[in-house]
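The values are calculated or read from the model by the stated rules, or taken from the named source; none is laboratory data. From a predicted model like this one, the values you see are computed outputs, not experimental measurements. Note: ideal-geometry Cβ built from the backbone for every residue, glycine included; neighbour counts use all protein chains shown.
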């Protein structure tokens, strides 16, 4: 194996420190490894490529860009970091919870088990200060813009529905249409922009986050990759895990985050918001 900084840094730290050097496809691989170190430790290059929405050759080139001879050496470094992360101060390995399903689980059971893990991982990784700051921003914003395209548009619309029940003014931007661009054009310092991202962020969401920052608007990133460009542009970041054995990403944890975010706002003043909900339903 070639000499590499991974001898002094963990694999995740090495990827973070050199992230801007990588190509766009290599960044997809890097951010997936950082957020799913356990998978990088045991999956093949082909499976890792599928989950990062790229090719196995890109995974190999990424390993070589880090200074490894190939993917097996990168995987060895991932396993070493994963093993060390699971060891306690006394060197004892944490015993995981018993599995939900038998080893010979069906596809249905595998997807359900992955969702269970996603929600737990999301709960563990969310930062309480970031959540509380996001709740306060949205609750007291003069105007809220929710930006998400494709599948993320559903979650932006659902959050809008939940916030409208609380009588909070929201708008959704789901495409670069004339109407959508006009909504972004009205962003100012009194606006809170929430950007939704899964995997590689859509250019519209990135542009919206950059515009909001330039106009001194508060920004909240809801993303499944801690190294996502949307996450980097957010004043506050809400991470969710989207791992899935299926052919699409899992959104169970994202749904939990959206509902929990709305309830966090509701909990700030339950009597007042309960009255608003009653009034809204009577309209």
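Of the conditions (1) surrounded by 12 or more Cβ atoms within 10 Å (Cβ to Cβ); (2) at pLDDT 85 or above; (3) closer than 14 Å to residue 38 by Cβ, residue 124 satisfies every one except a single condition; which number is it?
Here residue 124 clears every test but (1).
Taking the condition crowded, with 20+ Cβ neighbours inside 10 Å, assigned to a helix (DSSP H, G or I) and touching a helix residue (DSSP H, G or I) at 6+ places or on another chain (Cβ under 6 Å), does residue 208 pass? Walk me through how you get there before you give the answer.
Numbers: crowded, with 20+ Cβ neighbours inside 10 Å: yes; assigned to a helix (DSSP H, G or I): yes; touching a helix residue (DSSP H, G or I) at 6+ places or on another chain (Cβ under 6 Å): yes.
It is true that residue 208 is crowded, with 20+ Cβ neighbours inside 10 Å, assigned to a helix (DSSP H, G or I) and touching a helix residue (DSSP H, G or I) at 6+ places or on another chain (Cβ under 6 Å).
Take residues that are surrounded by 21 or more Cβ atoms within 10 Å (Cβ to Cβ) and tell me which of the helices (runs of 4 or more DSSP H) falling wholly in the range 215-283 contain 1 or more. If you could, list the steps in order and put the result at the bottom.
On the way: elements: 229-233, 252-268, 270-282.
Helices (runs of 4 or more DSSP H) meeting the threshold: 229-233, 252-268.
Of (1) under 15 Å from the mean Cα position of the chain (by Cα); (2) at pLDDT 95 or above; (3) buried (at least 22 other Cβ atoms within 10 Å of the Cβ), residue 198 satisfies all except one. Which?
Checking residue 198 against (1) under 15 Å from the mean Cα position of the chain (by Cα); (2) at pLDDT 95 or above; (3) buried (at least 22 other Cβ atoms within 10 Å of the Cβ), the one that fails is (2).
Tell me which residues, restricted to the range 8-23, are more than 20 Å from residue 79 (Cβ to Cβ) and free of Cβ contacts under 8 Å to residues at least 60 places away in the same chain. Break it down into steps so the answer makes sense when it comes.
Taking the range 8-23 first, the residues more than 20 Å from residue 79 (Cβ to Cβ) are 17-23.
Correct list: 17, 18, 20, 21, 22, 23.
Are any residues in the range 39-79 modelled with pLDDT under 90, part of a helix (DSSP H, G or I) and out of contact with any helix residue (DSSP H, G or I) (no Cβ under 6 Å at 6 or more places or on another chain), and if so, which ones?
Matches in the range 39-79: 39, 42, 47, 50, 51.
Could you list all residues from the range 130-154 that are within 17 Å of residue 236 (Cβ to Cβ) and within 17 Å of the chain's Cα centre (by Cα)?
130, 131, 134, 146, 147, 148
Considering only the range 189-202, how many residues are in a loop (DSSP other than H, G, I, E, B), farther than 12 Å from residue 230 by Cα and in contact (Cβ under 8 Å) with a residue 40 or more places away in the chain?
Our first condition is that a residue be in a loop (DSSP other than H, G, I, E, B); within the range 189-202, this holds for 189-190, 198-202.
Then keep just the ones that are farther than 12 Å from residue 230 by Cα; that gives 189-190.
Those left that are additionally in contact (Cβ under 8 Å) with a residue 40 or more places away in the chain: 190.
Residues flagged as in a loop (DSSP other than H, G, I, E, B), farther than 12 Å from residue 230 by Cα and in contact (Cβ under 8 Å) with a residue 40 or more places away in the chain within the range 189-202 amount to 1.
Give the residue that is surrounded by the fewest Cβ atoms within 10 Å (Cβ to Cβ), with candidates limited to residues of the range 137-154 that are part of a helix (DSSP H, G or I) and either in contact (Cβ under 8 Å) with a residue 12 or more places away in the chain or in contact with a strand residue (DSSP E or B) (Cβ under 6 Å, 6 or more places away or on another chain) (or both).
Residue satisfying both the conditions and the ranking: 151.
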